[in-house]
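The values are calculated or read from the model by the stated rules, or taken from the named source; none is laboratory data. Keep in mind the model is a prediction, meaning the values are calculated, not measured. Counting neighbours? That spans all protein chains shown, and the Cβs are built from the backbone with ideal geometry, glycine included. With ligands, DNA and RNA removed, areas are computed over all heavy atoms of the protein, side chains included. Shrake-Rupley method; radii C 1.70, N 1.55, O 1.52, S 1.80 Å.
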Amino acid sequence: MSIRRLTLLGPPGAGKGTQAKMIAAQNGLSHLSTGDILRDEVVRTTRLGLTAKGYMDRGDLVPDPLIIEMIKGRIAGPADGFILDGFPRTVTQAEALAEITALDLAINIDLSRETVIDRLSSRRVCRGCGRIYNLLFGPPTDAGRCDACNDELFQRDDDKRAVIENRYDVYTKMTAPLIDFYRQRGLLHEVDGSGSTEAVLAEITTALLS
Ligand code: AP5
């Protein structure tokens, strides 16, 4: 596969994390999720984590300079390629990324506001391995436990309805303009996120091979 530096765009709950994990595993790419990195900083109560927590709990974006500094070294690292999940999220971040490295492709996973709210309200995540479940669309075999590592499943603090709605509004205002940003640069590929996980993966895989 010649495409080895890509980003997944899309509203909260579009399936970026679900798809990025599978694409990374199938193609030997590093999965770089700014949301996961920030949540780890919060758990470790680092200075960045303490600053980021307030923004994340409200569903607002963490300020650009903090995010750009956080991701810089990580992008430079993986020689075999990477898939970005949740970055860039503003035009400022996209411009900073273009100075660090050139992307091969930006895939936008499109999903309606109603489906975003349904999916995020019923999302659960494994505390041990980070596997993502959905109580409505992809539940675990044993309620509350991870199929892969048997650790406990939890609901993210920002998956409460009011916070989900703010995250979607912030996405529309701050991140949706990146669709045109990458379209104008000939790097955009659009995918319908409303199908099954397998159907979305098949669409993305086709885009990566074309
Ligand atoms: P982040 O963790 O990146 O959250 P997000 O972008 O809002 O995206 P999500 O992780 O909520 O959703 P997803 O698209 O990955 O969907 P998932 O695969 O889980 O960011 C969190 C916060 O960190 C931000 O609000 C911000 O404060 C901060 N932050 C992060 N990056 C930043 C940046 N660059 N700049 C500034 N601040 C930043 O799927 C969702 C659910 O749907 C799951 O339950 C899943 O099982 C289910 N599902 C997935 N696909 C399907 C399908 N095809 N059919 C049915 N169900 C499905």
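Dividing the alpha-carbon radius of gyration of the stretch 123-180 by the rule-of-thumb value 2.2 N^0.38 Å gives 1.41. Each peptide in 101-110, 136-145, 13-22 receives the mean, over its residues, of other Cβ atoms within 10 Å, and ordering these scores from highest gives 13-22, 101-110, 136-145. Rounded to the nearest 0.05, what FRET efficiency do residue 169 and residue 136 have when you use their Cβ-Cβ distance and R0 = 22 Å? Approximately 0.40, to the nearest 0.05. Other residues whose C-beta falls under 13 angstrom from the C-beta of residue 162 contribute a net charge of -3, scoring Lys and Arg +1 and Asp and Glu -1. Ellipsoid fit via the Cα gyration tensor, the stretch 5-72: semi-axes of 23, 13, 11 Å, each the root of five times an eigenvalue, largest first. Annotation: extensible slack from residue 114 through residue 101 equals 1.2 nm (criterion: 0.36 nm per residue apart, minus Cα-Cα distance).
Work from the charge dipole of the chain (Cβ charges, +1 for Lys and Arg, -1 for Asp and Glu, about the Cα centre) and give the residue of 120, 14, 62 farthest towards its positive end. Looking along the dipole axis, the top candidate is 62. Normalised radius of gyration (Cα atoms, divided by 2.2 N^0.38 Å) for the stretch 156-206: 1.44. Average accessible surface for the stretch 38-177: 52 Å² per residue, computed with a 1.4 Å probe over protein heavy atoms with every protein chain in place.
For the chain, what % of the accessible area comes from carbon and sulfur atoms, probe 1.4 Å? Intermediate results must be reported in sequence, preceding the final value.
On the way: 5260 of 10380 Å².
Carbon and sulfur atoms account for 51 percent of the accessible area of the chain.
Please list the three semi-axes, largest first and in whole Å, of the ellipsoid equivalent to the stretch 1-140, using sqrt of 5 times the eigenvalues of its alpha carbon gyration tensor. Before the final figure, lay out the partial values.
Numbers: eigenvalues 102, 78, 46 Å².
In descending order, the three semi-axes are 23, 20, 15 Å.
Semi-axis lengths, largest first, of the ellipsoid equivalent to the stretch 65-210 are 28, 18, 18 Å, with √(5λ) applied to each eigenvalue of the Cα gyration tensor.
Mind ordering 158-167, 42-51 by average Cβ neighbours within 10 Å, highest first? List each step's numbers first, then the result.
Working: 158-167: 17.0, 42-51: 13.1.
Highest to lowest by the protection proxy: 158-167, 42-51.
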